[in-house]
Amino acid sequence: MVNLPFHWHVVVGGYAFGLVYMATEPVTAAHSETGKYIYGFLIGALVVLIRVFNPAYPEGVMLAILFMNMMAPLIDHFVVEHNIRRRAMRHATV
């Protein structure tokens, strides 16, 4: 799997199925708009890391989705906290 170009990771295995049906599931994914982008980027990064650095487990899509589903509430928490802090700073300077 290390010798494969990066664009082959999109078509090999269950990557497309995981992206279309599993990662976009609205109950366990991140709910904020910024959180959705962070969530998706981290799923993609984890898939590539799992596929490249662990050749014994080439189907890392579902594992990456599972890990990020556990982290989705934490991502939303940090995004909301950042927005609250940004709004407080904006109203404090006015």
Exclusive hit being modelled with pLDDT under 90, surrounded by 12 or more Cβ atoms within 10 Å (Cβ to Cβ), farther than 21 Å from Y21 by Cβ and of a type in the set (A, V, I, L, M), set V80, V94, V52: V52
Going by what's in this entry, would I43 be described as within 24 Å of E81 (Cβ to Cβ), part of a helix (DSSP H, G or I) and free of Cβ contacts under 8 Å to residues at least 60 places away in the same chain? yes
Yes or no: segment 64-76 includes at least one residue that is charged (D, E, K, R) and modelled with pLDDT of 90 or more. yes
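The values are calculated or read from the model by the stated rules, or taken from the named source; none is laboratory data. Predicted model only: the values in this text are computed from it and were never measured. Virtual Cβ from ideal backbone geometry, glycine too; neighbours counted across all protein chains shown.
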